[in-house]
Amino acid sequence: MGVDSPVAGRAGAVRIQRLGGVALSAAEAHGKRLDVNGRARAVTEAEPLSTTGLDLGRLYEAHAEGAKISKSGTKALHMVLQFPTELVNGDRADMMLFHARTFAQSIFGSSAVFADRVDRDEKSRHVVDLFIAPKYDKQTKRQTQRAIS
């Protein structure tokens with residue numbers, strides 16, 4: 001089955017995966033090219049573009065500081081945004097990152113994104129990775145507390 005779709009290269013996509021602690025560590029290793037898949041996908045020596053840095057564990061801990069965290073296995077969400085190649089050729093990583101963050105913040109809130117990355121060393125240069133832990137004010141009878149959903 002080939003890529004004969006009439007929307008190939010014209011349609012973007014968004015995928016969201018839940019990440020537990022181990023998966024968050026694996027995502028950090030991938031972004032730093034410390035894993036096998038990360039090294040295999042690299043076709044150039046270009047550095048990733050990020051406004052936050054690549055230390056996902058540290059960034060999450062700083063983001064979650066003082067907030068109530070649910071006991072579920074999910075720590076964060078990994079949102080992968082693929083821009084249409086017909087609109088974006090991959091040279092404007094800063095523009096893709098800006099629009100991806102704006103889109104995510106419109107859905108999850110202005111303080112939800114704690115890390116971002118555009119891999120510049122891969123063949124596919126039109127993908128943005130965002131790491132999200134939405135915050136909200138949890139109200140009970142006795143108090144209001146900042147929490148991460």
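Can you pull out every residue in the stretch 69-83 that is exposed (fewer than 14 other Cβ atoms within 10 Å of the Cβ) and not β-branched (Val, Ile, Thr)?
Ser70, Lys71, Ser72, Gly73
Between Ser111, Ser149, which is open to solvent by 30 Å² or more (accessible area, probe 1.4 Å), touching a strand residue (DSSP E or B) at 6+ places or on another chain (Cβ under 8 Å) and within 20 Å of Asp55 (Cβ to Cβ)?
Step by step, each of Ser111, Ser149 is checked, and only Ser111 is open to solvent by 30 Å² or more (accessible area, probe 1.4 Å), touching a strand residue (DSSP E or B) at 6+ places or on another chain (Cβ under 8 Å) and within 20 Å of Asp55 (Cβ to Cβ).
Does the stretch 95-112 include one or more residues that are over 15 Å from the mean Cα position of the chain (by Cα), aliphatic (A, V, I, L, M) and over 21 Å from Glu65 (Cβ atoms)?
Within the stretch 95-112 (the criterion being over 15 Å from the mean Cα position of the chain (by Cα), aliphatic (A, V, I, L, M) and over 21 Å from Glu65 (Cβ atoms)), the answer is yes, since at least one residue qualifies.
For the stretch 35-69, enumerate the residues that are of a type outside the set (Ser, Thr, Tyr), in a loop (DSSP other than H, G, I, E, B) and modelled with pLDDT of 95 or more.
Across the stretch 35-69, the qualifying residues are Gly53, Leu54, Asp55.
Checking the condition open to solvent by 70 Å² or more (accessible area, probe 1.4 Å), under 30 Å from Gln145 (Cα atoms) and either within 16 Å of the chain's Cα centre (by Cα) or charged (D, E, K, R) (or both), which residue from Glu65, Glu47, Glu86, Glu28 passes?
Result of the check over Glu65, Glu47, Glu86, Glu28: Glu65.
Restricting to the stretch 31-44, give me the number of residues that are open to solvent by less than 50 Å² (accessible area, probe 1.4 Å), among the small types (Gly, Ala, Ser) and farther than 20 Å from Val113 by Cβ.
So the answer is 2.
The values are calculated or read from the model by the stated rules, or taken from the named source; none is laboratory data. None of these values were measured; they are calculated from a predicted model. Positions of Cβ are generated from backbone atoms using ideal geometry, with glycine treated the same way; all protein chains shown enter the neighbour counts. The accessibility values were calculated without ligands, DNA or RNA, using every heavy atom of the protein model including side chains. Shrake-Rupley method; radii C 1.70, N 1.55, O 1.52, S 1.80 Å.
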